[in-house]
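Single-structure report; data block below.
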Amino acid sequence: MTSFETPVENLVLVAGATGGVGQLVVGKLLEKGFRVRVLTRNAKKAEEMFNQRVEIAVGDIRKPATLPAATQNVTHIICCTGTTAFPSTRWEFDQPPNLIEWGVTFLNPQSSQAKAKNSPAKIDAQGVTNLVAAAPGNLQRFVFVSSCGILRKNQFPFSILNAFGVLDAKEKGEESIINSGLPYSIIRPGRLIDGPYTSYDLNTLLKAKTGGKYGVVLGTGDKLSGDASRIDVANVCVECLFHLTSSRKIFELVNQGQRPPVINWESLFCQLE
Ligand SMILES: NC(=O)c1ccc[n+]([C@@H]2O[C@H](COP(=O)([O-])OP(=O)(O)OC[C@H]3O[C@@H](n4cnc5c(N)ncnc54)[C@H](OP(=O)(O)O)[C@@H]3O)[C@@H](O)[C@H]2O)c1
């Protein structure tokens, strides 16, 4: 059952809009007729990317004071923020580590998390918690891009992926959303493929297709593994807004099997326990 037909009063905030999945989410929302506000740390980047077709709210999910202006009057939030699972320049260390310090960083996950300003703990756990706290009480849906492996952190290969705590941090983010009482959809994709389309413009994003090769498989209980197309992760984020059957659900997404001519999202959501 479709819950609504994109009424004009809907305003969707996309956090992480300049990222691989986020850009595709924005493209898909515009295609479906939603009004879109993007939360970004870099207004210029967002302006160039989205051709003035979105509202821009400058903010940072680590800084709670920057969030109320961004979340004001929004009806839905789609959160696709993230950083690398392993230490990189995107973790924003105070001073760029030299070669020896990089070695120490890799040998000491706890201390590297503490030294980094934009680590998974800062974004996926604390940042998401801040965004949830700033959400309007009458929000219709909080959609969160989490990750496969949350319930398999001690199993290979997820034990390696979690060496620097990315899955621990995503789990804390999930808990904040669930405990908030807001209606949510939590997506746990497999390894992301397709894109990011960071050097493309909006028209290219609107045309992004999966190549039509693989079907979409959703599952619960964190049992699925495999690749997930950023395009289908973006598709499911937006489809969740149309389907009440996706509310208060936590599910994995991977691409497997033959792709049907049309993906029946309602049927996929209904199969979830
Ligand atoms: N890579 C994988 O295989 C994989 C697997 C499963 C799940 N995931 C998850 O899937 C999601 C999307 O991945 P992706 O590769 O498409 O993302 P991405 O390209 O890495 O984009 C991340 C986004 O987060 C934003 N961001 C980072 N720190 C922020 C902060 N402090 N405040 C506000 N925004 C911030 C970035 O904005 P700026 O432009 O300002 O940096 C960017 O828009 C992520 O949550 C990731 O953890 C990834």
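Summary of values
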{"item": "Residue within the stretch 91-103 that is near the ligand (Cβ under 10 Å from one of its atoms), more than 27 Å from PRO183 (Cα to Cα), at pLDDT below 95 and surrounded by fewer than 21 Cβ atoms within 10 Å (Cβ to Cβ) present", "result": "yes"}
{"item": "Wholly within the stretch 190-264, strands (runs of 3 or more DSSP E) carrying at least 2 residues that are at pLDDT 90 or above, under 18 Å from the mean Cα position of the chain (by Cα) and hydrophobic (A, V, I, L, M, F, W, C)", "result": "214-219, 249-258"}
{"item": "Failed criterion for ARG35 (all others in (1) basic (Lys, Arg); (2) under 15 Å from GLU239 (Cβ atoms); (3) touching an Asp or Glu at 6+ places or on another chain (Cβ under 8 Å) hold)", "result": "(2)"}
{"item": "Yes/no for VAL143 being in contact with a strand residue (DSSP E or B) (Cβ under 8 Å, 6 or more places away or on another chain), assigned to a helix (DSSP H, G or I) and either farther than 20 Å from LEU11 by Cβ or β-branched (Val, Ile, Thr) (or both)", "result": "no"}
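Conditions tested, residue by residue: (1) among the aliphatic types (A, V, I, L, M); (2) modelled with pLDDT under 95; (3) touching a Cys at 6+ places or on another chain (Cβ under 8 Å).
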| position | (1), (2), (3) |
| --- | --- |
| THR6 | no, yes, no |
| LYS45 | no, yes, no |
| MET49 | yes, yes, no |
| VAL54 | yes, no, no |
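The values are calculated or read from the model by the stated rules, or taken from the named source; none is laboratory data. Just so it is clear, the model here is predicted, and its values are computed rather than measured. Heads up, the Cβs are rebuilt from the backbone with ideal geometry, glycines too, and the neighbour counts pull from every protein chain shown.
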